[in-house]
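See structure below.
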Amino acid sequence: MIPASPTGADVLVRSLYEMGVRVIFGMPGSHTVAIYDALHRHGGIRTILIRNEQAGSFAADGYARVTGKPGVICTTAGPGATNALTGIAEAWGDSTPVLLVTGQVNHDRLHLECGNYHEIDLEGILRPCTKYVGTAMSNAAIPAMVANAFAAMTHGRPRPAALVLPQDLMAMPAGEVPDFRMESSWMPELDLGAIARTVALLREARMPIILAGGGAVWADAGDEIRELAIRLDCAVMTTLNGKGIVDERSPIALGHARSARSRIALPLADVMLAVGCRFTEVFTGFRKLQVPKRLIQIDIDAGQIGMNYPAEIGVCADAKKYLRAILNALPGAKPNGWAEHLESIAAARLQRPEWLIDVLRANLPDDAVVFTDASEMAYRMHTDFPAYEPRSFFYPSNYIALGWGFPAAIGAAIALPDRVVVSFSGDGGFVMTCQELATAARYKLNLIAIVHNDSTYGAIKNLQRIRNESRYHDTELNNPDFVTLAQAFGVPGCRASDAQSFTLALQEALARGGPALIEVPDTWRYLRE
């Protein structure tokens, strides 16, 4: 229960609750004990104890990606916040709304460098990778700061925000605090001229193609994408963050842009409609992706339009509203050239099918949620693991923080307790955040951690083979026994070395429920030969 004289921390917690926060990841520290005490008194926000702040910010990121709502991480001052910084930068790179709530030294000693412990300029550190960062210098300012942070995260392009809370203010009686409500979301007005030009170009196209990115998912434009593809009778390809916006079992779904289907289809296209896609270096294969010269680019961030590829028509708009306007203005379907190609395109697949990916997809429920860490096998999953719905396949697609996959999956498992969540990691990445096995066990999460163990930083070793004439340096790893490690944390573990044993291990983990770890020894040894 909130005391008769609420503290600054009580005001903070109440403001977060009013913004819809129901889960906070983190760990208490000396500068946030007042915040955790207020969370305890309030009782309406669940706290998830993690074992490292970096993993906590990854978990908040995973929570945001599957829910479409901001994820929240609470850390102590100084090293707590800087530990979380990598996760905040990851969320910045992939346009995910993650809120960092961090303690700070007393507000009257904040910029003096007088030797207070955990003393550092957090605003200066956090500003480059947040849309909004604010330090409370009075308790009366807290509601407005919380509202501003949520407005920044949820209006326009979603990205992280941070609130810096001096410890003395958190413990002080708040006094009179004004109410503050977040203003309604601003959206660009629809450009009727651009809509008319877009419709004309799509009608003129002989073989139009749609590229859906993460921005289309965050705009909840999946229905419009699918309806437009049917109306145009055209194929849809995606970025990693857009994967699953069209069921990849559909003949019109090409999957990721580097899939075998997309590689065949893209050179045939004469007009591309790109929705919520930034054409990043990673996505385009270092700008080698051959995008049709006639490009229509729709994005909520005007700065991204034409940034990497010139757009014949560039539109800053909410994707869902703009696509609906296109559909309303577009005449009936017009036959195009795709029909004669779609059957052969649908059958295409990259060489060397990987049994590990095939068995995983065959045994998981259709609505399973899969998080992949940076690893050689995960790169194959980008193209060869079919996603059946949006927000079901994830990868740290641009900043690419190693160790992200497992804790991000923990965030998803907290958000979606009734769905199967899987993390797929290489051995190098998993060791970076494996302490979160304790979190999976503590909360009995419905989460299967798959560790592909090749005892090396496989991606880097592959680069050394290609670029450095196989001069390998500091890429071989000495690993723990992952099965024994999982069991030490109270998580059932097993090892599977072929399709049959992997199938059995998956089925047993699914039937049992709760957390599990499956170690799979190297099955891609030819990379290092």
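The values are calculated or read from the model by the stated rules, or taken from the named source; none is laboratory data. Everything numeric here is computed off the predicted structure, so don't read it as measured data. FYI the Cβ positions are ideal-geometry reconstructions off the backbone, even for glycines, and counts take in every protein chain you see.
The residue list SER423, SER455 contains one member that is touching a residue at least 12 places away in the same chain (Cβ under 8 Å) and in contact with a Ser or Thr (Cβ under 9 Å, 6 or more places away or on another chain), which is SER423. Cβ-Cβ distance below 6 Å, separation of 6 or more or different chains: which pairs start in the stretch 300-320 with a residue that is basic (Lys, Arg) and modelled with pLDDT of 95 or more and end on one that is assigned to a loop (DSSP other than H, G, I, E, B) and buried (at least 19 other Cβ atoms within 10 Å of the Cβ)? Here the result reads LYS320/ALA219; LYS320/ALA221, each pair linking the stretch 300-320 to a residue that is assigned to a loop (DSSP other than H, G, I, E, B) and buried (at least 19 other Cβ atoms within 10 Å of the Cβ). Each residue in the stretch 381-390 was checked for being under 15 Å from VAL520 (Cβ atoms) and touching a residue at least 40 places away in the same chain (Cβ under 8 Å), and 1 of them qualify.
On the basis of being part of a helix (DSSP H, G or I), in contact (Cβ under 8 Å) with a residue 40 or more places away in the chain and not assigned by TED's automatic domain parsing to the domain that holds PHE393, does GLU248 make the cut? No: the conditions fail for GLU248. Applying a threshold of 8 Å to beta carbon distances and a minimum spacing of six or more residues, or different chains, the list of pairs starting in the stretch 264-290 at a residue that is of a type outside the set (Val, Ile, Thr) and ending at one that is exposed (fewer than 15 other Cβ atoms within 10 Å of the Cβ) and outside any loop (DSSP other than H, G, I, E, B) reads ALA265/HIS341; LEU268/HIS341; GLN290/PRO267.
Close contacts from the stretch 85-112, counting a first residue that is within 17 Å of GLY214 (Cα to Cα) and a second that is outside any strand (DSSP E or B) and among the aliphatic types (A, V, I, L, M), with Cβ to Cβ under 6 Å and a gap of 6+ residues or different chains, come to GLU90/ALA401; THR96/ALA64; PRO97/ALA64; PRO97/MET153; VAL98/ALA60; VAL98/ALA64; VAL98/ALA91. Restricting attention to the stretch 151-206, the residues that are buried (at least 17 other Cβ atoms within 10 Å of the Cβ), of a type in the set (S, T, N, Q) and either modelled with pLDDT under 90 or assigned by TED's automatic domain parsing to the domain that holds THR86 (or both) add up to 2. Which condition number in (1) crowded, with 16+ Cβ neighbours inside 10 Å; (2) acidic (Asp, Glu); (3) touching a Pro at 6+ places or on another chain (Cβ under 8 Å) is the one that ASP299 fails? Going through (1) crowded, with 16+ Cβ neighbours inside 10 Å; (2) acidic (Asp, Glu); (3) touching a Pro at 6+ places or on another chain (Cβ under 8 Å) one by one, ASP299 breaks only (3).
Out of everything in the stretch 397-411 that is of a type outside the set (A, V, I, L, M) and at pLDDT 95 or above, what residue ends up being surrounded by the fewest Cβ atoms within 10 Å (Cβ to Cβ)? Across the stretch 397-411, the extreme among qualifying residues is GLY403.
Of everything in the stretch 321-331 that is assigned to a helix (DSSP H, G or I) and touching a residue at least 40 places away in the same chain (Cβ under 8 Å), the residue that is farthest from ASP299 (Cα to Cα) is ALA329. Report whether or not ASP168 is out of contact with any strand residue (DSSP E or B) (no Cβ under 6 Å at 6 or more places or on another chain), under 30 Å from ARG65 (Cβ atoms) and among the acidic types (Asp, Glu). Criteria not met by ASP168.
Considering the conditions (1) within 23 Å of ASP61 (Cα to Cα); (2) surrounded by fewer than 20 Cβ atoms within 10 Å (Cβ to Cβ), ASN363 is excluded by exactly one of them, (1).
Quick one: would you say GLU389 is surrounded by fewer than 24 Cβ atoms within 10 Å (Cβ to Cβ) and modelled with pLDDT of 95 or more? Spelling it out, GLU389 is indeed surrounded by fewer than 24 Cβ atoms within 10 Å (Cβ to Cβ) and modelled with pLDDT of 95 or more. Of the strands (runs of 3 or more DSSP E) contained entirely in the stretch 431-525, those carrying at least 3 residues that are assigned by TED's automatic domain parsing to the domain that holds ILE414, under 24 Å from the mean Cα position of the chain (by Cα) and surrounded by 18 or more Cβ atoms within 10 Å (Cβ to Cβ) fall at 447-453, 516-521. Against the criterion of being aliphatic (A, V, I, L, M), in contact (Cβ under 8 Å) with a residue 60 or more places away in the chain and surrounded by 17 or more Cβ atoms within 10 Å (Cβ to Cβ), VAL133 does not qualify.
Scanning the stretch 73-104 for residues that are crowded, with 24+ Cβ neighbours inside 10 Å, of a type in the set (A, V, I, L, M, F, W, C) and either assigned to a loop (DSSP other than H, G, I, E, B) or in contact with a Phe, Trp or Tyr (Cβ under 7 Å, 6 or more places away or on another chain) (or both) yields a count of 2.
Given the residues ASP220, ASP179, ASP168, which is the only one that is closer than 25 Å to GLN304 by Cα and either touching a residue at least 12 places away in the same chain (Cβ under 8 Å) or touching a His at 6+ places or on another chain (Cβ under 9 Å) (or both)?
Numbers: ASP179 fails: closer than 25 Å to GLN304 by Cα; ASP168 fails: closer than 25 Å to GLN304 by Cα.
The match here is ASP220.
Which one is surrounded by the most Cβ atoms within 10 Å (Cβ to Cβ), of the residues in the stretch 16-52 that are of a type in the set (Gly, Ala, Ser) and over 26 Å from LEU416 (Cβ atoms)?
Let us first name the residues in the stretch 16-52 that are of a type in the set (Gly, Ala, Ser), namely 20, 26, 29-30, 34, 38, 43-44.
This time we only want the ones that are over 26 Å from LEU416 (Cβ atoms), so: 29-30, 34, 38.
Working: GLY29: 22, SER30: 13, ALA34: 22, ALA38: 25.
Among them, the one singled out is ALA38.
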